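J.: Okay, here's the structure, questions in a sec.
The values are calculated or read from the model by the stated rules, or taken from the named source; none is laboratory data. The shown structure was predicted, so the numbers you read here are calculated from the model rather than taken from an experiment. Here the Cβ positions follow ideal geometry from the backbone for every residue, glycine too, while neighbour counts run over all protein chains shown. With ligands, DNA and RNA removed, areas are computed over all heavy atoms of the protein, side chains included. Shrake-Rupley method; radii C 1.70, N 1.55, O 1.52, S 1.80 Å.
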Amino acid sequence: MRTLIEAIRTVRARRRAASGGMRSYTVVLDWATEQYSHYASEIVQVRAASPLQAEIAALLEAAESNRHHVEEFEGVEGRDLIIVAGQLFKHIATFPGTHYAVQSDRF
């Protein structure tokens with residue numbers, strides 16, 4: 001019985017190591033300031049271990065993709081970039097899995 005339990009633990013450990021504990025998340029961010037309120041909401045797909053990590057990764061990715069449009073992001077790196085992004089974006093939702101916005105004239 002002990003051998004069976006050890007074998008199951010080994011298989012589970014290998015599966016976790018293979019997947020890296022990472023899951024796909026879709027994070028929706030909206031602009032929080034009046035200055036950028038006319039910009040479209042950001043829908044970011046990221047891989048992270050938890051929803052909180054997904055939100056942080058999405059903030060960083062959105063800030064880097066808008067660096068050339070938003071002067072607050074220019075010259076800012078690392079942790080400071082996440083802090084500035086947290087001030088300019090508001091978190092709307094985090095969904096497990098990869099989702100895409102539907103764009104259609106029929107709705």
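J.: Might you tell me the accessible area per residue for the chain, computed with a 1.4 Å probe and given in Å²?
T.: On the way: 7770 Å² over 107 residues.
For the chain, the per-residue accessible area is 73 Å².
J.: ³J(HN,Hα) across the stretch 77-84 via Karplus (A = 6.51, B = -1.76, C = 1.60, θ = phi - 60°), whole Hz, x for Gly/Pro?
T.: With the stated coefficients, the stretch 77-84 comes to 10, x, 4, 5, 5, 5, 5, 5 Hz.
J.: With N set to the residue count of the chain, report its C-alpha Rg divided by 2.2 N^0.38 Å to two decimal places.
T.: Output field value: 1.45.
J.: Using θ = phi - 60° and the Karplus form 6.51 cos²θ - 1.76 cosθ + 1.60, what ³J(HN,Hα) does each residue of the stretch 30-46 get, whole Hz, x for Gly and Pro?
T.: 10, 6, 9, 9, 4, 4, 10, 5, 7, 6, 6, 5, 9, 10, 10, 9, 9
J.: Using only alpha carbon pairs under 8 Å that are at least six residues apart, calculate the relative contact order of the chain and give it in whole percent.
T.: On the way: 131 pairs, mean separation 35.4, N = 107.
Computed over the chain, the figure is 33 percent.
J.: Sorted by accessible area (1.4 Å probe), largest first, how do Glu64, Glu77 line up? Please list the in-between numbers first.
T.: Numbers: Glu64 100, Glu77 125 Å².
The ordering from most to least exposed comes out as Glu77, Glu64.
J.: Taking the Cα centre of the stretch 1-94 as origin, sum charge times position over the Cβ atoms of Lys and Arg (+1) and Asp and Glu (-1), and report the length of that vector in debye to the nearest 20.
T.: On the way: 11 positive and 12 negative charges, 255 e Å.
Here the stretch 1-94 has a charge dipole of around 1220 debye.
J.: Pick out, in residue order, every one of the trypsin sites (Lys or Arg not before Pro) in the stretch 58-97 that is DSSP loop and has at most 15 other C-beta atoms within 10 Å; say none if there are none.
T.: Here the sparse-neighbourhood loop sites are Arg67.
J.: Something else now. Specify the residue with the greatest mean-square fluctuation among Gly97, Gly21, Gly78, computed from a Gaussian network of the chain linking alpha-carbon atoms under 10 Å apart.
T.: Largest GNM mean-square fluctuation: Gly78.
J.: Where does the charge balance sit around Ala54 when Lys and Arg score +1, Asp and Glu -1, over other residues with C-beta under 14 Å from its C-beta?
T.: Details: positive: Arg23, Arg47; negative: Glu42, Glu55, Glu61.
Cβ neighbours under 14 Å give a net charge of -1.
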